[in-house]
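Each reported figure results from applying straightforward, stated rules to the coordinates on display, with no laboratory input. This one's a predicted model, so the numbers in the text were calculated from it and none came from an experiment. A quick note on method: Cβ atoms are made from the backbone with ideal geometry, for glycine too, and the neighbour counts reach across all protein chains shown.
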Amino acid sequence: MSFVDTHCHFDFPPFSEQQSESLQRAATAGVDKIIVPAVAASRFQRVLALAEHHSALHAALGLHPMAVAEHNDAALALLEQHLQQRPAKLVAIGEIGLDLYMADPLFDKQQALLDAQLKLARDYQLPVILHSRRTHDKLAMHLRRIEVPRRGVVHGFAGSLQQAEAFINAGYRIGVGGTITYPRASKTRETIARLPLSALLLETDAPDMPLCGFQGEPNRPERVVNVWQTLCELRSEPPELIRETLRENTRLLFNI
């Protein structure tokens, strides 16, 4: 069996200090591909170098809303410069999006940066990896306003069924992560159980979003298999069909 972790910040510790060991652990568990989204212009080169040097890794470049204070026009220009060069293993623009969880979200700036990056995704024909906290309805509005032909994924989704269906109806997929491993996350678990299997992707958001039973530890890409196992418990389809469908969903979206 093989799996793809569609969202792992492999350029951060502990992975940045244990690259070979971490990739071996993932491969042993059956995780043979990992998408690494950048969060700021200062990390673009690092993420691209990781993808170039490790066959299992693929890169996404974007300006994360939680680092909004450090983003500027030069960062957007650097992003477009890399898109023009189009490295072979660059598969998406991300991690981008909106976040109202922070004390001072600079939300107007967040929205302007999101729109600029959605337009780049449109112009350079790449999918997007979307971050959204307390902003699902606002994010959906931006996606309606700016057409991204390759669409993308709303990662780490923990919203309502209605919000998920709005994204899916617009052609976007839903990232399923460690939240579903917590029995108390009943709303998210029920939502994920009811969505079309064709709309789902597996992810960890490692080293963040630890799974139930691993609280206090850095999350790891091999634990995407645990997410799959929980998903199989929540859904009625056979486990192998779930695995194969999620793999195909990933291939169709990211062309890997």
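Filtering segment 135-163 down to residues that are assigned to a loop (DSSP other than H, G, I, E, B) and of a type in the set (A, V, I, L, M), which residue is surrounded by the fewest Cβ atoms within 10 Å (Cβ to Cβ)?
The selected residue is ILE146.
Tally time: how many residues in segment 182-195 are touching a helix residue (DSSP H, G or I) at 6+ places or on another chain (Cβ under 7 Å) and not in a loop (DSSP other than H, G, I, E, B)?
Looking only at that region, the number is 6.
It is to be established whether one or more residues within segment 99-108 are surrounded by 21 or more Cβ atoms within 10 Å (Cβ to Cβ), in a loop (DSSP other than H, G, I, E, B) and without any contact (Cβ under 8 Å) to a residue 60 or more places away in the chain.
No.
For segment 164-181, enumerate the residues that are surrounded by fewer than 16 Cβ atoms within 10 Å (Cβ to Cβ) and more than 16 Å from the chain's Cα centre (by Cα).
Passing the criteria: ASN169, ALA170.
Can you find a residue in segment 45-58 that is more than 26 Å from ARG251 (Cα to Cα), surrounded by fewer than 19 Cβ atoms within 10 Å (Cβ to Cβ) and of a type in the set (Lys, Arg)?
no
Kindly evaluate LEU76 against the criterion of being farther than 13 Å from SER132 by Cα, without any contact (Cβ under 8 Å) to a residue 40 or more places away in the chain and in contact with a helix residue (DSSP H, G or I) (Cβ under 6 Å, 6 or more places away or on another chain).
no
Pick from segment 81-106 the residues that are charged (D, E, K, R) and under 20 Å from the mean Cα position of the chain (by Cα): which of them is nearest to LEU126 (Cα to Cα)?
Going through the qualifying residues, I end up with ARG86.
Residue by residue, here is whether (1) of a type outside the set (Ser, Thr, Tyr); (2) touching a helix residue (DSSP H, G or I) at 6+ places or on another chain (Cβ under 8 Å); (3) in contact (Cβ under 8 Å) with a residue 60 or more places away in the chain holds:
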| position | (1), (2), (3) |
| --- | --- |
| GLU80 | yes, yes, no |
| VAL91 | yes, yes, yes |
| ARG150 | yes, yes, yes |
| VAL153 | yes, yes, yes |
| ALA164 | yes, yes, no |
| GLY175 | yes, no, yes |
| ILE180 | yes, yes, no |
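Which count do you get for residues in segment 200-234 that are small (Gly, Ala, Ser) and either closer than 15 Å to VAL4 by Cα or buried (at least 19 other Cβ atoms within 10 Å of the Cβ) (or both)?
1
Return the residue satisfying two criteria in turn: it lies in segment 5-47 and is of a type in the set (D, E, K, R) and assigned to a helix (DSSP H, G or I), and of such residues it is farthest from LEU78 (Cα to Cα).
The residue in question is ARG25.
Which residues, taken from segment 235-247, are within 21 Å of TYR182 (Cα to Cα) and either basic (Lys, Arg) or surrounded by fewer than 16 Cβ atoms within 10 Å (Cβ to Cβ) (or both)?
ARG235, SER236, GLU237, PRO239, ARG243
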